[in-house]
Amino acid sequence: MKSLLKTALLNGAISIAVVSVATTSAFAADITGAGATFPYPIYAKWAEAYKAKTGSNMNYQSIGSSGGIKQIKAKTVDFGATDNPVKFDDLEKEGLVQFPAIIGGVVPVINVEGVKPGEIKLDGPTLADIFQGSITNWGDKRIAIMNPGVKIPSGDITVVHRADGSGTTAIFTDYLAKTSNLWKDAVGAGPAVKWPAASSVGGKGNEGVAANVSRVKNSVGYVEYAYAKKNKMTFISLKNKDGNFVAPDDLTFAAAAAGTDWSKIPGMGTFITNASGAKSWPITGASFILVYKNPEKKDSAAEVLKFFDFAFKEGKKMAEDLDYVAMPDATTDYIRKNVWSAVKTK
């Protein structure tokens, strides 16, 4: 009798557990996204907080901006993410909308013995010459002239760059092309370029570049600031458009973005590189989200908008903690009224 009762209770418990799981699943909608590695740290943080509040998962694949654009066009994810904004005509052709989700900074990082973060100062043309391979040693006089009193040990420079199609690369090369005609004419800008430096190595994602710079002595690379901060990397201070040397942080990123009127930009897609302002970080950029106007899975599209609405409203402190810059309230209001309104979720 006790055995039968025990069995009945066990079966009852299993039944209750199944009902509980089914009930949770009925109310929790999972969504998927893929793309830029630039915003991955903050998207992961937002996803964790969103799940705690709603029970819904946001699964994000940090595969690079080019991969994110391909995935959304193939309709294998609910949203794509790119730091290299899609042009307005292409958005219209594909039936997509685009909006900026977060602002951050790309920073040059180095592995040079005895040098402290921000101690080496460079301008755009000199940085371009290093990545172009015309400056090949840290003892070069052009670097020394810009850094009087700083002891920089000589060493052959290894350039570390992205091996995948990358919005971080698009932001970085856009800056180099704006500040160096030599770079603009010989290399250009975009998510993937032919890197001219003889001594160079590629890395996949911001993670791969950070790992290679940390590993290779006398190397230089470029990563989103959250990766530099997380890995305690040595960054370079840069001369901005106003002629001031500045260090990367959320305040200098915000200063660079302050003059951007997103509402006047078709498709909201623009770079914020080499911006005016006494405190502006010169390699600042936004990361963008791509969603279909008429999505096949309307419930999922609605959940994507709910997720980013949560991020805009409740994710500002999380962004600040990771040295990103949250989108201004005026901009997020514009996004809700003029971008999300074009997405059919019913």
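Only the coordinates and a few stated rules stand behind these numbers; no lab work does. Note that this is a predicted model, so its numbers are computed, not measured. Cβ placement follows ideal geometry from the backbone for every residue including glycine, while neighbour counts extend to all protein chains displayed.
Annotations
- Global form of segment 47-125, assessed from the alpha-carbon gyration tensor, a/c cut-off 1.5: oblate
- For the chain, complete DSSP H runs whose alpha carbons reach 30 Å or more along their own long axis and whose mean Kyte-Doolittle score is 0.5 or higher are 2-27.
- Sorted on the mean count of surrounding Cβ atoms within 10 Å across their residues, most packed first, peptides 327-339, 159-171 read 159-171, 327-339.
- For LYS229, the aspartates and glutamates whose Cα comes closer than 20 Å to its Cα, not counting residues fewer than 8 places off in the same chain, are ASP83, GLU113, GLU119, GLU207, ASP249, ASP250, GLU320, ASP321, ASP323.
- Label point of LYS217 set 7 angstrom out along Cα-Cβ; within segment 108-137, amide nitrogens under 14 Å from it belong to 111-115.
- Cβ-placed point charges (K, R +1; D, E -1), dipole of segment 99-244 about Cα centre in debye, nearest 20: 240
- Using the Cβ-Cβ distance between GLU296 and GLU48 with R0 = 22 Å, the FRET efficiency computed as 1/(1 + (r/R0)^6) comes to roughly 0.20.
- Labels on offer are [x] 151; [y] 161; [z] 174, and the one holding volume of the Cα convex hull per residue in Å³ computed from this structure is [y].
- Legend: distances between Cα atoms for LYS116/LYS230; LYS51/LYS73; LYS141/LYS241; LYS73/LYS93; LYS93/LYS298; pairs beyond 18 Å are LYS51/LYS73; LYS141/LYS241; LYS93/LYS298.
- Within segment 36-67, backbone nitrogen closer than 18 Å to the virtual label 7 Å beyond the Cα of GLU314 toward Cβ: 42-59
- Cα lying deepest toward the dipole's positive end in segment 264-346, options ILE289, ILE272, MET318, charges on Cβ: ILE289
- Whole-number percent relative contact order across the chain, with pairs defined as alpha carbons under 8 Å at least 6 apart: 24
- The distance between label points at ALA186 and LYS230 comes to 3.4 nm (points 7 Å beyond Cα on the Cα→Cβ vector).
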